[in-house]
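Accompanying notes for the structure given below.
The values are calculated or read from the model by the stated rules, or taken from the named source; none is laboratory data. Computed from a prediction, not measured in an experiment: that's the story for all the values here. We place every Cβ from the backbone using ideal geometry, glycine too, and count neighbours over all the protein chains shown. Heads up: the accessible areas ignore ligands, DNA and RNA and are worked out on the full protein's heavy atoms, side chains in. Shrake-Rupley method; radii C 1.70, N 1.55, O 1.52, S 1.80 Å.
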Amino acid sequence: MPTRLTQYRLCPRSRSIRLALAEYGVEVTLLDENPWEWRKGFLAKNPAGEMPVLEYDNGLTLCGAYSISEFIGDEPLPSATVMGPKPPPLFPGNREDRAEVRRLADWYHGKFDREVSRELLNEKVYQTMQPSGGAAPDPAVLRAVRANLRYHLAYTGYLADARRWLAGDDLSFADFAAAAHISIVDYLGEMPWHEYPAVKAWYQKIKSRPSFRALLADRVPGCTPPLAYSNLDF
């Protein structure tokens, strides 16, 4: 049985792991899960009810972006799985460098998720998927989320201005975590790109990587992204 990743196409944590796996040339079968359903079958895989979940054919099951990213980063890759250039380490550099990667991954998967991604998804996607047809987005919630977003984009721009990549000189899992969340904001039409040129320049670099192509092809029924979402020269 092939390696399987249970995910939702607009789940930022799932997207960060998909980017990491694609960079490492690891092919997986994607199993779609709706996060608002809380299915018993999925809770049996991960009692926390959170995605992603990675299942290997030897029976190993890994739950959550932190567990999976650390496992991938530590796992030696068989030479047969690596095509072309050696993939970048997910946690590069010395001990201090790796700590900074983990700090930023936690920033985006924690603080950014709580203050921006989760609320946007709930207001603009999850509520519309309810059997009752859902409610329209709450304008007060959207105003608060947009204010939070500008705070996070200003910080991301500061990092992008000061460093080659967000955590330092090397591409890392911090970039995948940040790009996963920003890609969701972009999909939902909420990215004020013209206000944050440093963020745009950094995002263009990572968006142009082959590992990003599958994310740009994702579509969710009833929620169409802006035309520029898939455009590399946006």
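Remark: spin-label model distance ASP161-SER67 equals 4.0 nm, labels positioned 7 Å along the Cα→Cβ axis.
Once the Cα-Cα distance is subtracted from the 0.36 nm per residue extended length, the LEU31 to LYS111 segment shows a gain of 26.1 nm. Consider the candidate values (i) -0.21, -0.62, -0.96; (ii) -0.22, -0.66, -1.06; (iii) -0.26, -0.72, -1.04; state which one is log10 I(q)/I(0) by the Debye sum over Cα atoms at q = 0.07, 0.12, 0.15 Å⁻¹ computed from the structure displayed. Read-out taken from this structure: (ii). If both residues of a DSSP beta bridge must be in the chain, then about 65% of such bridges are antiparallel. Report note on the peptides 39-50, 99-110, 180-191, 206-217: ranked by the mean count of other C-beta atoms within 10 Å, highest first, their order is 180-191, 99-110, 206-217, 39-50.
The slack in the chain from TYR151 to ALA217, taken as 0.36 nm per residue of separation less the alpha-carbon distance, amounts to 20.9 nm. When the solvent-accessible area of segment 99-155 is split by element, carbon and sulfur atoms take up 55 percent of it, the probe being 1.4 Å. Projected label points at ARG103 and ASN122, each 7 Å from Cα along the beta carbon direction, are separated by 2.9 nanometres. Only DSSP H runs of four or more residues enter the estimate; each adds -39500 (n - 2.57), and after division by the residues of the chain the mean residue ellipticity at 222 nm equals -13500 deg cm²/dmol.
Accessible area per residue for the chain, computed on protein heavy atoms with a 1.4 Å probe, is 49 Å². Label positions at ASP138 and ASP169, each projected 7 Å from the Cα along the C-beta direction, are separated by 4.8 nm.
Placing +1 on the Cβ of every Lys and Arg and -1 on the Cβ of every Asp and Glu, with no other charges, gives the chain a dipole of roughly 260 debye about its Cα centre. When a/c is below 1.5 the answer is rounded, else prolate if a/b is larger than b/c, else oblate, so apply that to segment 187-231 with a ≥ b ≥ c taken from the square roots of the Cα gyration tensor eigenvalues. Oblate is the answer for segment 187-231, as a/c is 1.5 or above yet b/c matches or exceeds a/b. Relative to the current alpha-carbon distance between TYR56 and TRP38, full extension at 0.36 nm per residue lengthens the span by 4.2 nm. The dipole here belongs to segment 123-172: it is taken about the Cα centre, uses +1 on the Cβ of Lys and Arg and -1 on the Cβ of Asp and Glu, and is about 160 debye.
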